[in-house]
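Okay, so here's the structure we're looking at.
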Amino acid sequence: MIVKILKIIAIIAFLLTQGISQHGTLNIGIIFMSVYQFISDILNPEYGILWEGLGMIFLIGTFIVFLSCQKYKDRYLLTFCFISLFITLIFLTGVYDPSNYKRIDSWFIIPSLLFIVSSILSIILVFRNEIE
């Protein structure tokens, strides 16, 4: 039960992390805009499919898999989901660009740390469940 709560906290913190790029948008806003654009591109095929929207669909799938992994046998899948979400967090927030570091504030630090700590703690608890 505690693992499920930690994973829900991690997902909410991921979604509420604000970017540090020029237009610092919450991750949930970026996801909704990309999915909307993806659906719009599918309905209007003359412009082609927006690949970022397809990536956001896979991101939502990763959220679902991350939340559904809670047994010891799913421990490596859970770890892979955390790594992929962490890499996505780096790109969505703009941390990869050193010129954005001057815009770091508490709306980036607190949710990011909450995501990382709760995810790692849930992974540790899932790994520890079978050993005990």
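Each reported figure results from applying straightforward, stated rules to the coordinates on display, with no laboratory input. In this text, all values refer to a predicted model and were calculated from it rather than measured experimentally. Cβ sites come from the backbone with ideal geometry, for glycine too, and all protein chains shown count toward neighbours.
Pairs of Lys residues in the chain that lie 8 or more places apart, or on two chains, and have C-alpha atoms under 26 angstrom apart add up to 4. Were the residues from I124 through S40 laid out at 0.36 nm apart, the gain over their Cα-Cα distance would be 26.2 nm. Is the shape of region 38-99 rounded, prolate or oblate, going by the alpha carbon gyration tensor and its root eigenvalues a ≥ b ≥ c, with a/c under 1.5 for rounded and a/b larger than b/c for prolate? Oblate, since a/c reaches 1.5 and b/c is not below a/b. If you sort the three axes of the alpha carbon gyration tensor as a ≥ b ≥ c, you get a/c of 1.5 or more for region 1-65 and a/b no higher than b/c, which makes it oblate.
Of the options (1) 18.0, 55; (2) 16.2, 57; (3) 15.8, 49, only one is Rg and Dmax of the Cα atoms in Å as computed from these coordinates, and that is (2). Normalised by the number of residues in region 11-120, the average gap of Cα pairs under 8 Å and 6 or more apart makes the relative contact order 39 percent.
Here each label is just a point 7 Å from Cα along the line to Cβ, and for T25 and I83 those points are 2.9 nm apart.
Once the piece of chain linking L16 and R103 is laid out straight, how much longer is it, given 0.36 nm per residue of separation minus the C-alpha distance between them? Working it through step by step, the gained length comes to 29.7 nm. Per-residue extension of 0.36 nm, minus the Cα-Cα distance of I64 and Y76, leaves a gain of 2.8 nm for this segment.
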